[in-house]
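These notes are about the structure you will find just below.
FYI, it's all coordinate maths here, none of it is from the lab. Small disclaimer: the values here were computed from a predicted structure and weren't measured. Note that we place each Cβ from the backbone using ideal geometry, even for glycine, and neighbour counts take in every protein chain shown.
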Amino acid sequence: MTAATPVAPGPLPVAPRAGVAVPGLARLLRLELRHNAMLWLLPVAGALFWFNGYREIMALPPMWNLRAMTLQNRLLLDLTIPVTAAAAWMGSREGRRNVADLVAGTARPRWARQLATWAATTAWAEVACLACIAAVYVMTARQASWGGPLWWPAVVSAAGIPALTAIGFAAGAWFPGRFVTPLVTIVAFFGLGFGTQAASGDHSYWQISPLTAGAFDIGAAPGVATFYHYLPDLSIAQVMFTTGITFGILGVLGVSSALNGPRLRRLAAVIAAAGLAAAGTAVALAGTGRLDPHGMIVIPALHDAASNQPVRYTPACSRTAIPVCVHPAFAVFLPAMTAAVGPELTEVAGLPGAPARISQVAEVYQQEPQNGILSLAGVPGGSSFILTDQVPGEPGATSAQFAGDLQDTLGLQLIRDVILGGNASAAAARPSQAQLAVIAASVRPGAVWLGPSAADVSAPEISGRQLLTLSGPAARAARRFAALPPAAKHAWLAQHLAALRAGQMSPAQLP
Amino acid sequence: MTAGAIRQAPRPALRLVWLHAASRRLPAAVALLAACAAGLRAALFWHWDAYGALQLPLIFEAGCAAVIAVAAGSPFGDPERATGRWLPFLRLGAAAALTALAVAALTAAGAGAHLSGGFLDVLRNVAGLTGIGLLCAVVLGGPLAWTGPLAYLMVSVYGLYTDWHPPTLSTPLIWPARPPHDLGGALCAAVVFAAGLIAIAVRGAREPDGG
């Protein structure tokens, strides 16, 4: 038997100091990052967003407001299932593997371990969210003709991710059964996706949903946040709400476990109370919202009056007989616009009553009962016009429809003002059959005026639908006049406009 | 074999079925299917817009399919495979019975209310989604079998959305977006369901690597 070699005693374990606590937590977080379900679900999240959201967003016209607001409406919902599921899966890990008792004896309180796991899951989910935002914004930056990124919609989406992971994680931690992950995911998807359906009007508390970008019944419209700044009021309330929900749930998670010790549970209770109070306040603030004339939601307590100033811009103008000038964000539509109303512009250019230039102006919105929005799109007349909300590239909108709408509004406005001598003088008069024939022949000839009976309308009410009622000699005259080239129409109008306005011409005298 | 043994023969069979059901948490699964049906019924009292009315049943159908798929997982693994001669039939019976129960429960929940698509829609969607879930159970294991139905739910919800916002996704592979009487969609769902049933009966759910 040999004597055992004495072993020199090693250094005694040192109680962790505040200075080494952070590296310990960072190491724990690193471990959780490496062994996280969300990491494996990143491709699924990317694929779902590409299939559901990205393709549709990129099919929209390259306007920052349209794409950013649509992104807010789609991204969080597309990520709900992978993010919530991953969080629930990670939250139920200890219970699912029956190691809750085993890890209860480790140095870290249970809440700290849970927060590290939640933070790692949230970090990977944010990576997915930010990657999706970056993909949309980088592509839009390369295509947009004007403006810069709208950050608030992106911030709201990013702020919604921790709330989803907190909901999923807490459900997984509290009910670590095999069914909890799909069920909490379905509930989160249902709540987020269908929560906006209860929204009604601009005072609705439900517009606190992080999917709601702007007024419920306007949403992402080309004219919103173009002529005026994007108002962050609702976004601020939404970020406040999701952040409050996150802190509230995580706080309740800390309170719910007796293993956390009384001091930690008190801290968790304070955090939970503060979070839930913030969320409740945000909901109350959303209920004070009102629709501003430019299509966005104003929350008085959060509103900055400086945001009401119009955006300064240099308009983009066409090189047509009468220049058509639009907001530079709409410059991409200028060729389509001039193609649609080019004949009318040539026909009336230089005639008495014709404008020297036509400029796009902002649409004015007004809230109606429930979700109704009144768009005060009554054509301003003269030298200004409002562009339709349905621009090519938006879901369901086609180039042909866009051109038709322009001819029915801008084209009709131009011809009507010239032929009838402007709104003021025409208001009291009834248009003659010859005047109606010329108007009908100039606006979408052959499409809007082939009707069965004579028109009996006052001048200010003339629209494409009413021109459908032309018949008999007026319709035949309109057909003849429509067959003329724009230059010939212009020459004839230059010679006979005064007589036509005075009602001294019959349809038979039209060329 | 004695006369007493013959009289007692049904009891061991029933016990085997019960043990199989208990090992898969089938009673809990049945309760959750009933909860899904109750949730659908409660949701149908609400006034939904066109989107909501069409997409609402699909969410509960996906929930049922996920529950059925997760219930396919076995906690025993090899010992059960080695000793269970009737195991394929038990797996097949459990999956088929739960699917039938889900269809019946959801259809009953929609009775007297405006259930978009009606019985045929519920039958097709639940069967197809369950087929996806069962295939996921075979490939990924029971605990992760929900991934397929829930991912497909997202695709299907978008498919229904494109009914309003063209271009419409018209492929029968996204059968929830097709009309209830559409043959292509029904065939796709039936094929996926049959494949899922066969796979789960023959192979069983994959055993998890460690949870």
Percent of Cα-Cα distances greater than 26 Å, calculated over segment B:3-202: 35
When DSSP beta bridges are limited to those with both residues in chain A, what percentage is antiparallel, rounded to the nearest 5? 65
Helix A:180-195: inclination vs chain A longest Cα principal axis, degrees, rounded to 10, gives 30
As I understand it, the value is the acute angle between the Cα axis of helix A:64-91 and the longest principal axis of the Cα atoms of chain A; what does it come to in degrees, rounded to 10? 20
Could you grab the relative contact order for chain A? Cα pairs under 8 Å, six or more apart, rounded to a whole percent. 12
On Cα atoms only, tilt of A:262-286 relative to the major axis of chain A in degrees: 10
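Are there any chymotrypsin sites (Phe, Trp or Tyr not before Pro) in segment B:24-75 that are in a DSSP loop and have at most 15 other Cβ atoms within 10 Å? List them by number.
Here the sparse-neighbourhood loop sites are B:45, B:46.
Provide B:64, A:132, B:188 in ascending order of the number of other Cβ atoms located within 10 Å of each residue's Cβ, fewest first.
B:188, A:132, B:64
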Please work out whether the protein assembly as shown counts as rounded, prolate or oblate from its C-alpha gyration tensor, where a ≥ b ≥ c are the square roots of the eigenvalues and a/c under 1.5 means rounded, while otherwise a/b larger than b/c means prolate and anything else oblate? prolate
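Neighbour counts of other C-beta atoms within 10 Å: give me A:192, A:510 arranged from fewest to most.
A:192, A:510
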Report, by chain and number, residues whose modeled amide H sits under 5 Å from the one on residue A:365, excluding near sequence neighbours (fewer than 5 apart, same chain). A:294, A:295, A:376
Averaged over B:151-158, how many beta carbons belonging to a partner chain fall within 10 Å of each residue's beta carbon? 6
For segment A:23-293, what does the convex hull of the Cα positions come to per residue, in cubic angstrom? 125
Most exposed to least, judged by fewest other Cβ atoms within 10 Å, A:155, A:184, A:348, B:126 sort to A:155, A:184, A:348, B:126
Taking the alpha-carbon centroid of each part, what is the distance from segment A:245-301 to segment A:70-140 in angstrom? 19
